Every structure is written in structure tokens, then in C-alpha cells.
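So the structure is just underneath, and the comments pick up after that.
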Amino acid sequence: MAMKDRTLLMIPGPIEFEPAVLQALGAPTPSHVAPEFIEAFGRAIESMRKVWDAPTGQPFVIAGSGTLAMDIAGANLVEPGDRALVLSTGVFGDRFEDLLLRYGAAVDVLRFPVGQTVDFDRVAHKLSGGKYKLMTATHVDTSTGVRIDAKQLGELGQQHRVLSILDGVCSVAAEEIHQEEWGLDVVLTASQKAIGVPPGLALLVVSCRALGAFEARKHPVTNYYADWEKWLPIMKSYEDREPSYFGTPAVNLVAALDVSLGQILDEGLQARFTRHRKLGQACRAAIEALQLGQIPTNSLHAANTLSAPTYPAEISGSFLLREIRNAGAVFAGGLHPEIKEKYFRIGHMGAARAGDLLAAVGALEAGLIACGARCQAGTGIAAAQQVMISQAYLAN
Ligand code: PMP
């Protein structure tokens with residue numbers, strides 16, 4: 001298939017990847033102890049600290065998906081009977097409840113209504129009343145398009161001496177994060193979203209405080225593969241440019257990670273956050289101009305990595321998504337069980353640029369018109385373009 005014939009992939013992960021990243025993935029596989037691979041792995045670990053803005057954090061790069069990154073955090077930090085507070089703004093928040101229970105935690109959940117963000121006054125109140133060891137939250141819940149205030153999460157965790165675990169699968173390298181300054185203990189993600197590498201890597205950066213809690217465990221970690229005791233020497237060896245082995249690393253993916261993190265740092269983190277803000281705002285403006293609703297109840301807590309529009313009344317969602325695909329763009333259907341049939345999702349992170357978003361909005365308009373929805377061609381594109389060319393967009 002010619003590149004020009006491709007359908008634009010605008011789902012919230014996996015995303016479209018940069019050619020240089022794909023090239024690294026397709027290169028002949030070196031030994032996991034080859035000097036050039038050790039160099040790439042070591043450099044990727046160092047780059048992660050910069051992207052996460054965690055100068056003294058400990059990065060982990062382990063083969064698996066984002067759920068493994070969540071599992072690794074739970075396996076290493078929870079001992080039976082530990083109290084955990086889960087802040088849930090959607091499906092991925094709920095996943096943490098399920099996961100922490102497996103490791104024997106006593107879990108309380110603060111579940112926020114669909115579309116709303118975390119109310120940290122409620123969290124502070126809850127933390128004052130209970131002896132929690134850790135709390136988890138989802139920076140951007142991909143099932144609702146809701147972003148939470150990760151800075152407040154870290155600050156409250158420090159204040160109450162509770163470890164904070166942030167699921168940044170749909171935010172790291174796109175939404176602003178300063179892990180260390182904000183006091184976040186674990187910030188985890190997966191390769192296939194704004195990090196810009198095909199699926200297959202679980203990525204975490206862990207604070208000294210969280211490593212201390214791990215070292216103070218009374219019981220061994222019950223998950224053999226996830227145990228930091230196994231992986232810490234491996235991460236340290238690669239960073240010291242020494243060969244080592246526990247489980248074979250996903251060699252090509254790690255080489256691709258090194259390339260992508262290099263590109264992210266070359267773009268500059270602030271420039272990257274700004275680009276995503278602009279894409280997010282442009283997409284929301286287009287959706288509004290096309291008179292579709294949105295799941296986040298306030299644009300101030302709407303994610304900049306994906307948008308979550310509702311289907312127009314009387315229009316079949318699956319029919320609309322098919323027509324949009326015929327017009328050249330792939331969007332994702334709904335995911336949250338309470339509203340699954342009511343909305344769809346447009347991803348705009350990583351390699352996505354203004355032109356991709358304008359093309360995606362064009363496909364959305366074409367799809368709406370093909371379904372007989374009330375839609376004036378060009379309305380959404382004009383609104384998105386207005387944001388793109390204006391310097392005065394909201395800094396949320
Ligand atoms: N958390 C969030 C916020 C996600 O968006 C996802 C994936 N969509 C996950 C966790 C789970 O990641 P994975 O599908 O890679 O296991």
C-alpha cells in the first residue's frame with residue numbers, strides 16, 4: 001500500500017509512528033549485550049528521566065503493555081493488608097482497583113461521575129481519615145477523555161505521606177508532567193501512545209521514596225517477572241553501559257524507544273506540550289462547531305491527547321464510524337460501559353500534526369454528511385484552523 005493511500009489512524013493508541021522509529025524497529029536485531037545496544041538502552045534510560053522530569057527517579061523498561069506497567073507498580077508496592085485509595089475517572093481507574101485487590105490491598109475507591117475530574121478536596125478529606133500506604137490515579141482516562149490535576153495528586157501524597165502512583169499511559173510526553181517537582185512516586189506509561197513506539201514496552205519511573213517502601217517490604221513480591229529486585233540490577237547495568245541479563249529485553253523496541261525519546265527531547269518538552277494543547281483545543285473547537293457534545297464536562301479538564309465527542313441523536317455510531325473510515329480516518333468507538341454507545345474517541349498525540357487533525361475533522365464532516373446529520377461542510381475545519389493559527393489559545 002502506498003503511504004498516500006493509507007487511512008489516517010487517529011485513535012488514542014496505538015498511534016501513527018515516525019518513520020525513523022519504524023526503521024529502528026525493522027533493523028536487524030542485535031544481541032541484547034552488543035555494545036551498541038547497551039549504549040541505546042542506557043541512553044533511553046537517561047532520556048526517560050528527562051521526559052518524566054525526574055532527575056533522581058529510577059526508570060524501568062520492561063517488555064509488556066501498559067497494564068503490565070500498572071501491575072508492576074502494584075506488585076512491588078502492595079503487601080497484603082496495605083490500604084490503598086483508588087481515584088477513578090473511568091475504566092482505567094477501575095482497573096487499578098481490580099489489580100490492587102489481587103495483591104491483597106484493602107482498597108477504597110473514590111469514583112467520580114463520568115466526564116468529571118478528580119475533586120481533590122474529597123481526596124484530602126479521605127486521606128486525613130485513613131492510614132493509606134498508596135493512592136492511584138489516571139492522568140488522562142482514555143475511556144472518558146478526562147484529565148486530572150497530577151500536581152495536586154503529588155502534593156497531597158507528600159503532605160499525607162502516601163505514595164502516589166500516576167497512570168500516565170495516555171499523557172506522558174504529551175501532557176505536562178514534572179514528576180519530581182510535583183512529588184509523584186510512580187509515573188507509568190506504555191510505548192504505543194505519546195511516547196511514539198509500537199506496542200510492547202511498559203515504562204515506569206519510580207521515586208527514591210517508592211524504592212524505599214519497596215526495600216522495606218516484609219514479604220517477597222509475589223509476581224516473579226515484575227519484581228524490581230530482578231530488574232533494578234538490569235536497569236543499573238544498562239545505564240552503567242555494562243552487559244546483564246534477567247529476561248531478554250524487547251531489543252528492537254528498546255532501540256526504537258531510544259530513537260523516539262531522542263526526537264521528543266529534540267522537539268523540546270515545552271514545545272511538545274504546547275503542540276498537544278493546540279491540537280486538543282482545535283479538535284474540541286471543531287467538535288463544538290459541528291454541534292456534537294463532549295464527554296468531559298469542562299474543557300479545562302479535557303485531555304489534549306484525545307477528544308471524546310458524542311454521536312448526533314438518531315445517528316448509528318457504527319455507521320458513522322464506517323463512513324468516517326471511508327472518508328479516510330480511523331477513530332475509536334466508545335469504551336466506558338455506562339456510555340459506550342453514545343460517544344466515540346479521536347486520538348491526537350505523538351506524531352499527529354495540525355494537518356492530520358484538519359484531515360481528521362474533514363473525514364468527520366464527510367462521515368456526518370454521509371449519515372444525513374445536520375452538518376455544513378467546512379464548519380469544523382474552519383473552527384479547528386482558527387485555533388491553529390491563533391496565538392491566543394487557552395493554556396490548559
Ligand atoms: N491506562 C490508560 C490510561 C490507558 O489508556 C491504557 C490503554 N488504553 C491502559 C492503561 C492499558 O494499557 P495497555 O492497553 O497497553 O495494557
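The values are calculated or read from the model by the stated rules, or taken from the named source; none is laboratory data. Please read these numbers as outputs of a predicted model, since none were measured by experiment. Neighbour counts are summed over all protein chains in view; Cβ atoms, including those assigned to glycine, are modelled from backbone coordinates with ideal geometry. Heavy atoms of the whole protein, side chains included, go into the accessibility calculation; ligands, DNA and RNA do not. Shrake-Rupley method; radii C 1.70, N 1.55, O 1.52, S 1.80 Å.
If you check every pair at least six apart or on different chains, which have Cβ atoms under 8 Å apart with a residue in region 68-83 that is in the same structural domain as Val107 (by TED's automatic domain parsing) first and a residue that is open to solvent by 30 Å² or more (accessible area, probe 1.4 Å) and within 11 Å of the ligand (Cβ to nearest atom) second?
From region 68-83, the pairs are Met70/Arg95.
Of the residues Ser299, Ser260, Ser307, Ser318, which is among the small types (Gly, Ala, Ser) and touching a strand residue (DSSP E or B) at 6+ places or on another chain (Cβ under 6 Å)? Before the answer, list the steps.
Working: Ser299 fails: touching a strand residue (DSSP E or B) at 6+ places or on another chain (Cβ under 6 Å); Ser260 fails: touching a strand residue (DSSP E or B) at 6+ places or on another chain (Cβ under 6 Å); Ser318 fails: touching a strand residue (DSSP E or B) at 6+ places or on another chain (Cβ under 6 Å).
Of the residues listed, the single one that is among the small types (Gly, Ala, Ser) and touching a strand residue (DSSP E or B) at 6+ places or on another chain (Cβ under 6 Å) is Ser307.
Could you list all residues from region 133-156 that are in contact with a strand residue (DSSP E or B) (Cβ under 7 Å, 6 or more places away or on another chain) and either part of a loop (DSSP other than H, G, I, E, B) or open to solvent by 10 Å² or more (accessible area, probe 1.4 Å) (or both)?
Result: Lys133, His139, Thr142, Gly145, Arg147, Ile148.
Hey, any hits in region 138-148 for a residue that's more than 12 Å from the ligand (Cβ to nearest atom) and modelled with pLDDT of 95 or more? Lay out the reasoning, then the answer.
Of region 138-148, the ones more than 12 Å from the ligand (Cβ to nearest atom) are none.
Looking through region 138-148, none of the residues is more than 12 Å from the ligand (Cβ to nearest atom) and modelled with pLDDT of 95 or more.
Scanning region 157-191 for residues that are of a type in the set (D, E, K, R) and closer than 22 Å to Leu300 by Cβ, which turns out surrounded by the fewest Cβ atoms within 10 Å (Cβ to Cβ)?
Pass one, region 157-191, residues of a type in the set (D, E, K, R): 161, 167, 175-176, 180-181, 185.
Then keep just the ones that are closer than 22 Å to Leu300 by Cβ; that gives 167, 175-176, 181.
On the way: Asp167: 28, Glu175: 22, Glu176: 19, Glu181: 13.
If we take residues in region 157-191 being of a type in the set (D, E, K, R) and closer than 22 Å to Leu300 by Cβ, then Glu181 is surrounded by the fewest Cβ atoms within 10 Å (Cβ to Cβ).
When you scan region 74-106, how many residues do you find that are small (Gly, Ala, Ser), assigned to a helix (DSSP H, G or I) and in contact with a Ser or Thr (Cβ under 8 Å, 6 or more places away or on another chain)? If you could, list the steps in order and put the result at the bottom.
Of all residues in region 74-106, those small (Gly, Ala, Ser) come to 74-75, 81, 84, 88, 90, 93, 104-106.
Of the ones still in play, those that are also assigned to a helix (DSSP H, G or I) are 74-75, 93.
Those left that are additionally in contact with a Ser or Thr (Cβ under 8 Å, 6 or more places away or on another chain): 75, 93.
Final tally of qualifying residues: 2.
For Val33, indicate whether it is within 15 Å of the ligand (Cβ to nearest atom), outside any helix (DSSP H, G or I) and under 29 Å from Gly247 (Cα atoms). Outline the logic, then answer.
Working: within 15 Å of the ligand (Cβ to nearest atom): no; outside any helix (DSSP H, G or I): yes; under 29 Å from Gly247 (Cα atoms): yes.
Taking the combined requirement at face value, the residue does not satisfy it.
Answer yes or no as to whether Pro199 is in contact with a His (Cβ under 8 Å, 6 or more places away or on another chain) and in contact (Cβ under 8 Å) with a residue 60 or more places away in the chain. Don't jump to the end; show me each part of the working.
Numbers: in contact with a His (Cβ under 8 Å, 6 or more places away or on another chain): no; in contact (Cβ under 8 Å) with a residue 60 or more places away in the chain: yes.
Answer is no for this residue.
Is there a residue in region 119-128 that is buried (at least 24 other Cβ atoms within 10 Å of the Cβ) and either within 16 Å of the ligand (Cβ to nearest atom) or assigned by TED's automatic domain parsing to the domain that holds Trp52 (or both)? Walk me through how you get there before you give the answer.
Step one: list which residues in region 119-128 are buried (at least 24 other Cβ atoms within 10 Å of the Cβ), which gives none.
There is no residue in region 119-128 that is buried (at least 24 other Cβ atoms within 10 Å of the Cβ) and either within 16 Å of the ligand (Cβ to nearest atom) or assigned by TED's automatic domain parsing to the domain that holds Trp52 (or both).
What are the pairs, 6+ residues apart or on separate chains, where a residue within region 118-142 that is without any contact (Cβ under 8 Å) to a residue 12 or more places away in the chain has its Cβ under 9 Å from a residue that is open to solvent by 10 Å² or more (accessible area, probe 1.4 Å) and within 16 Å of the ligand (Cβ to nearest atom)?
Close Cβ pairs satisfying both conditions: Asp119/Phe112.
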